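So the structure is just underneath, and the comments pick up after that.
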Amino acid sequence: MASVHVVKKAVTLTPTVRALPSGVPAAPFLNLAARSPVSGHGHGHGETGPRSDAQPRWAGGVQRTSAGLVSKTYTTPPTTYYQQQRYLHTSVARKDASDVPDFSNYRAPNPETNRALSYFMVGTMGVLSASLAKSTVTEFLQTMAASADVLALAKVEVELSKIPEGKNLVIKWRGKPVFIRHRTTDEIQEARSVDFKSLRDPETDENRVKKPEWLVMLGVCTHLGCVPIGEAGDFGGWFCPCHGSHYDISGRIRKGPAPLNLEVPSYDFSEGDTKLVIG
């Protein structure tokens, strides 16, 4: 623990006033023999006390000696603190001591062991991070998927036995009308006897149906989205009265401003070809 020593020391200062040729400082207005005035409460009795404006003798000041006038001032030297010098290590300081401590005792005997552990930890953290990212993205995409009620309307089942031959059935699927036509043998032959290469949107009848007797297509005109009328037009198929587009019995555009054939949705047959599943 640091200790504090307070020392009072007398210091002789060099005179800072103008000196006479004899070396004595010139002080024409200083009267060392002057006494302080008598106290107002002493009524003139007793000795006069020291001057209140003069520095006491114990605190120093100007004194007359055999060598002349001497100015003395007592000062207190600054406090000295003792500090201990510390090094990076706790060993005894030596001249040949290294600036960098020696950590050889703390190093692993085999660096390959630590390297393998580091690789294992990095790989494990990478796998966990990838798994967490995949789970987060999957949950986020599931929130954007369609709800159960919407998925329930994604597919529609139709009883084919309720549609007589040569008749149409119109149903609603995903907000759009769907035409289901039970074609006769004559209608099938008429659709397949047409030279499809001469059509505006060339397409064979075989590519538009999965079974020759069942024609399934969206009831939306490819011109401006109107709903055509069944069993009408110049070709015995469908006719759009909005702008005069004519479709044949296979749903192909034959006359009018419509640029494409009627669209065929995705569908399939189930339960022994007695039901039609659209979607």
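A short reminder: the numbers here are calculations on the coordinates, not readings from a lab. Bear in mind that the values here come from a model prediction, so they are computed numbers and not experimental data. We place every Cβ from the backbone using ideal geometry, glycine too, and count neighbours over all the protein chains shown.
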- Each label point is 7 Å from the Cα along the Cα-to-Cβ direction; what then is the distance between the points at Arg107 and Ser161, in nm? 8.9 nm
- Query: Between their Cα atoms, which of Lys197/Lys255; Lys211/Lys275; Lys176/Lys211; Lys176/Lys210; Lys176/Lys275; Lys172/Lys275 are more than 18 Å away from each other?
  - Reply: Lys176/Lys211; Lys176/Lys210; Lys176/Lys275
- Using alpha-carbon pairs under 8 Å, 6+ residues apart, how would you state the relative contact order of the range 163-279 in percent? 19 percent
- May I ask you to order 167-175, 129-137 by the average number of other C-beta atoms within 10 Å around their residues, highest value first? 167-175, 129-137
- Please give the peptides 268-276, 237-245 ranked by average Cβ packing (other Cβ atoms within 10 Å per residue), highest first, as a rough proxy for protection. 237-245, 268-276
